[in-house]
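Just so it is clear, none of the values below were taken in a lab; they were calculated from the coordinates. Just so it is clear, the model here is predicted, and its values are computed rather than measured. A quick note on method: Cβ atoms are made from the backbone with ideal geometry, for glycine too, and the neighbour counts reach across all protein chains shown.
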Amino acid sequence: MEIHARRRYNEVMQNQFKKINAIINDETKPISERLQELFRRDGLTIGALITAVGTIISTVFSSCNAYNNS
């Protein structure tokens with residue numbers, strides 16, 4: 001059962017990446033329209049990635065400030 005669930009998860013992830021890739025590489029639409037579609041369709045995922053990157057950056061800067069102040 002676990003192998004089946006893992007295969008299904010991998011299949012879903014591959015499909016999501018294919019959809020995102022298709023939106024990004026669609027040369028028939030202007031980039032602003034592609035970005036709007038990407039955020040509308042997969043906004044939660046992109047929002048989570050942006051939040052994660054922001055958290056990483058703030059942690060790095062906090063660490064640097066703590067190191068410089070000591």
What is the magnitude of the charge dipole of the chain about its Cα centre, with +1 placed on the Cβ of each Lys and Arg, -1 on the Cβ of each Asp and Glu, and no other charges, expressed in debye to the nearest 20? 180 debye
Just for the Cα atoms in the chain, what are the lengths along the principal axes, largest first, rounded to whole Å? 51, 44, 16
